[in-house]
Amino acid sequence: MDSAFRVQVADTEGGFLLAVESQSKPDTDKRNSWTYYLAHMYAKYGLPPVLVVLCRDKATASWAAEPIRVGRPFHTSMLVFPLVLGPGNLSVITDPDEVAEDVPLAVFSAFAHAKDPGPPAILEALAEVLARQDEGSDDWVEYVEIGLGDGPARDLWRQLMAVYTPKFPDSIVAEYWNKGRANGRAEDILRLLDRRGIEIPDAVRERVKDCTDLDVLSVWFDRSLTVASVDELFVEE
């Protein structure tokens, strides 16, 4: 899925899980994936999951809102109701004071209206508010950058961030993607060793997971195909 969050709710133990998907057009296969996401999250974490689908046009939003029924005509085993947010039910938020009151809602509003004339004013207000925040702003900056996808809205966002946040866009997004690639490669190495029956001590597992150098991880991945023990993984050339 595109994003997953654990939401803490006052006076509710554990809270709930939020699965967020950005959908640009109808896709039959996605409905099967959404059902799997929810079932997997509930089984793994034991918390109720909620699926939010962000759409940028009303036709896609209407398609995404259709309930997903799993089963046969004589019995329904599972029924999924996606919570759809789109231009039809999310207002255009352009007042910085309103943005400051609810930054997540303003972010969703920017996503939902990415294809219409709304984004410039929404993104300008959002940039102004995030530039004033001391904590958590970097997370929202990169989330908006990724969620807008390719197009004029993302180009505008990068221009705004270059003005409001000088360290953006180069450092934040590059760091985000490199970290994700490194984590994925580390998981591949450990899984391969495990499937080959190679014992992996906890110290080795942590060393592989903590490595963020993609070149080093590539070397370890190549070696994991043939090594007889994890000691051979770290042998100097």
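The values are calculated or read from the model by the stated rules, or taken from the named source; none is laboratory data. Predicted, not measured: the structure shown is a model, and the values here were computed from it. When we count neighbours, we look across all protein chains shown, and the Cβ atoms used for this are built from the backbone with ideal geometry, even at glycine.
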Return the residue satisfying two criteria in turn: it lies in region 143-156 and is crowded, with 19+ Cβ neighbours inside 10 Å and without any contact (Cβ under 8 Å) to a residue 40 or more places away in the chain, and of such residues it is nearest to residue 125 (Cα to Cα). 144
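In region 203-237, which residues are among the charged types (D, E, K, R) and either under 18 Å from residue 183 (Cβ atoms) or within 25 Å of the chain's Cα centre (by Cα) (or both)? Give the steps one after another, and end with the answer.
Filtering region 203-237 down to residues among the charged types (D, E, K, R) leaves 205-207, 209-210, 213, 215, 222-223, 231-232, 236-237.
Those that are among the charged types (D, E, K, R) and either under 18 Å from residue 183 (Cβ atoms) or within 25 Å of the chain's Cα centre (by Cα) (or both): 205, 206, 207, 209, 210, 213, 215.
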Taking region 204-218 on its own, how many of its residues are hydrophobic (A, V, I, L, M, F, W, C) and at pLDDT 90 or above? 2
Quick check on this structure: which one of 98, 21 is part of a helix (DSSP H, G or I) and of a type in the set (Asp, Glu)? 98
Filter region 58-112 for residues that are surrounded by 15 or more Cβ atoms within 10 Å (Cβ to Cβ), touching a Lys or Arg at 6+ places or on another chain (Cβ under 7 Å), at pLDDT 90 or above and hydrophobic (A, V, I, L, M, F, W, C) and give the result. 68
Against the condition under 24 Å from residue 120 (Cβ atoms) and exposed (fewer than 12 other Cβ atoms within 10 Å of the Cβ), how does residue 29 come out, does it pass? no
Filter region 32-49 for residues that are of a type outside the set (S, T, N, Q), without any contact (Cβ under 8 Å) to a residue 40 or more places away in the chain and part of a helix (DSSP H, G or I) and give the result. 36, 37, 39, 40, 41, 42, 43, 44, 45
